[in-house]
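In what follows, a single structure is set out as structure tokens and then discussed.
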Amino acid sequence: MLLKYRPDIDGLRAFAVISVLIYHLNNAWLPGGFIGVDIFFVISGYLITRILVKEISGGTFSFLDFYERRIRRIFPALFAVLGACAVGAILCYPRSEFRSFFVDFKFAAAQISNFRFARDVDYMGIGVEASPLLHTWSLAVEEQFYLVWPILTLLLLKFYNKITLKFVMVIGFVVSLAISIYLLQTEQINTAFYMFYSRAFELIIGAVIALHMWPDTQSKKIKHVLALIGVTLMSIPLLAFNNHTTFPGMAALLPSIGAGLFIYSGSFKDQSFYHRLFARKPMVWVGLISYSLYLWHWPLIAFYKSISQQELNAIEALIIGALSFLLAYLSYKYIETPFRKPKPHVSNKRVVAVGTFCIVLMVVIGQQAKINEHRFGRAVTSDAFAQKYFGSINKFHSKCTIEDEHTLEVRADCTVKGNPDSTTFDVLVIGDSHAIHYYPTVEDWAIKNKLNAYLISKSSCPVFAYSTYKVFAEEAYHQCAQVVPMINRLIKDNNISKVIYAHLASNFVHGASFVEIDKERDFFKNYQKLWEAELDAYVDQGIHVAFLSQVPSYDVNFKECYQFYEKMPLGKLLPTTWTECVAKAHQTSLHNNKEYTVMFKNLTNLYSNFSVFYPDTYIASPMSANGAVYYMDTNHINQTGSDHLSPAVGDFLDKALLKR
């Protein structure tokens, strides 16, 4: 059953999709643009509820008709994008990304990609490695709404009445919002962001408007004020919110209520200036193609970033934005529009059956592509060059990473015996994977000075021996604290007098760390507290401490450069070589951070037993003059890099730990 067409709602769709598009092209241009998705949720809740109530009340509702319309509206363009992305993955992605993509592909086809991305994808922290199907999470949320809402609405209207439906909606709104707030407070950020039950309150806001739960008004002044408030509530978050905003939760109420007020105030005759503005032809045109624009823009951005291994500059962003509009128009005209119109000779049963079959087919294709990756040239490479430079950090990588409680015992593979006659350790090396990539340099130094050393490393876990900290961002890192007793035991049993630390310090400095002290969220302040607690404890024991600071990071994954330009079909056709890709990388040095350098300068002044090694002086480029690569990815040096730093690290450790 058709509803009265409101062009201002298409204009609202335009407002939403342009916000998302600008945010994805460059989030500095519109830091809160992600709230466009929340506006879409409100629109969907409003329109679907209006359709359901009208048809159920009129006795014309049919589940087959409802899902037939949803399939014709959503599936053709979605499956076209999935198919195009699959081709792009075959042409562009090396093995690991290829496998990951086709897992995403399966979930997206099955309309449950939000479950997939909720596991480990931080939407606010996505970079050049982001999945081209990440944006399908919001479609999955809406599809799950379409499964639940018609059944609930039909049962309540058939056996009860509209008052009961309204009551249930209010309860649903409160429960969903409470769940969202609870998940955020308990640091389940991804679950709160991606899942239907923590987003349902936004869709319910639209449903509330559709059921006229607020009294109608004929006052032009009131309608104008409500519209103004609505536009304001939608606009403020575009600039006030950013990637650090705790979202959704209470923050999502601003754009959602704003969209609700806009829709409500435009439901009557004599619409306000704002509704007339949103109903103008350019806005309506963008609104009409908004679904296709949303579908196509993100894969273009994701694939381009993956190939270039860099964020978009202004010109690239404008070009991709224009190309997104072109593809959206073509998709709307030649895919969406033809399929949206019902065909007299095609029954709704056939449409639902074909739609279901397509879902199953896509899931099977995704599974088979992943299983048969070798047929697409994704077998494990035996390339000697790739294995040497990009296979692993060094010989200690696979042997000395603590995985669980069973690997907390002392292991010979992690031991450097510079003095075979001694059964104890002189030096303890503590840290994350950065401790591993420095360990060969420590090995050279320890052997030269006839010292025994031992490595304690937990990947992605900045281990400290004496500091109190707890995990709050990722459950996977709960074992960080379990390493501490092992460190203390080794120091005590071996009479350790020298300790070397190495870890990814930017986790602390840039607020990405999972360390929390005294329930504070000042990451940099907490990082300094960690060091002070460590050094206080070591001073009392007469132990000298050296910190091998973070090597420069790069905005290009060198492994991806090599795999794409040397191994992938599309990369081989391009004139750029993999070494040129590496040469374009931009260095990001943590030591350019004034707070960071001042903090360590103060610590070295306060603690005479503490010294810091800064590797920037020795790594001005990711490659040597003769073309040897120092890095295995964006921030880990390989064995070649370790060999390059070894003399400098050795001289530093001599001064820091031997000549004091």
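The values are calculated or read from the model by the stated rules, or taken from the named source; none is laboratory data. Note that the structure is predicted; figures quoted are calculated from it, not measured. We place every Cβ from the backbone using ideal geometry, glycine too, and count neighbours over all the protein chains shown. The area values use the complete protein model at the heavy-atom level, side chains included, leaving out ligands, DNA and RNA. Shrake-Rupley method; radii C 1.70, N 1.55, O 1.52, S 1.80 Å.
In the range 558-587, which trypsin sites (Lys or Arg not before Pro) are in a loop and have at most 15 other Cβ atoms within 10 Å, using DSSP for the loop call?
Lys584
Along the range 181-190, what does the Karplus equation 6.51 cos²θ - 1.76 cosθ + 1.60 (θ = phi - 60°) give for ³J(HN,Hα), rounded to whole Hz, x for Gly and Pro?
Once rounded to whole Hz, the list reads 5, 4, 4, 5, 5, 9, 6, 8, 4, 5.
For Asn452, enumerate residues with amide H under 5 Å from its amide H, sequence gap 5+ or separate chain, H modeled in the peptide plane.
Sorted by chain and number, the residues that satisfy this are Gly418, Asn419, Asp426, Val427.
Using a probe radius of 1.4 Å on heavy atoms only, what accessible surface per residue do you get for the chain? Whole Å² is fine.
Result: 44 Å² per residue.
Work out the count of Lys pairs in the range 270-353 where the Cα-Cα distance is under 20 Å, with the pair 8 or more places apart or on different chains.
Final tally of qualifying lysine pairs is 4.
Within the accessible area of the range 88-216, what % is carbon and sulfur when the probe is 1.4 Å and the other protein chains stay in place?
67
Out of all DSSP beta bridges in the chain, what portion is antiparallel? Express it as a percent rounded to 5.
Here the antiparallel bridges make up roughly 30 percent for the chain.
Calculate one ³J(HN,Hα) per residue across the range 486-497 by plugging θ = phi - 60° into the Karplus curve 6.51 cos²θ - 1.76 cosθ + 1.60, and present them in order as whole Hz with x for glycine and proline.
Once rounded to whole Hz, the list reads 5, 4, 4, 5, 5, 4, 5, 6, 10, 6, 4, 10.
Under 17 Å from a point 7 Å along the Cα-to-Cβ line of Glu373: which residues of the range 64-108 have their amide N that close?
86-107
Can you flag which of Lys448/Lys655; Lys529/Lys594; Lys525/Lys594; Lys448/Lys559; Lys54/Lys223 are past 22 Å Cα-Cα?
Lys448/Lys559; Lys54/Lys223
In terms of modelled amide H atoms, which long-range or inter-chain residues lie less than 5 Å from the amide H of Tyr93?
The list, which skips near neighbours in sequence, is empty: none.
Among Gln309, Met250, Ile204, flag the residue with its Cα farthest along the positive direction of the charge dipole of the chain, charges on Cβ as +1 for Lys/Arg and -1 for Asp/Glu.
Checked the options; the winner is Ile204.
Looking at the range 220-311, which trypsin sites (Lys or Arg not before Pro) are in a loop (DSSP not H, G, I, E or B) and have at most 13 other Cβ atoms within 10 Å?
Within the range 220-311, the qualifying trypsin sites (Lys or Arg not before Pro) (loop, at most 13 other Cβ atoms within 10 Å) are Lys269, Arg280.
Provide the FRET efficiency to the nearest 0.05 for the Arg276-Lys341 pair, computing r from the beta carbons and using R0 = 45 Å.
For Arg276 and Lys341, the calculated efficiency is 0.95.
If the only charges are +1 at each Lys and Arg Cβ and -1 at each Asp and Glu Cβ, what is the size of the charge dipole of the chain around the Cα centre, to the nearest 20 debye?
Dipole of the chain, to the nearest 20 debye: 2960 debye.
What list of ³J(HN,Hα) values in whole Hz, one per residue of the range 326-331 in order, does the Karplus curve 6.51 cos²θ - 1.76 cosθ + 1.60 (θ = phi - 60°) give from phi, with Gly and Pro shown as x?
Computed from phi, the couplings for the range 326-331 are 5, 5, 5, 5, 5, 5 Hz.
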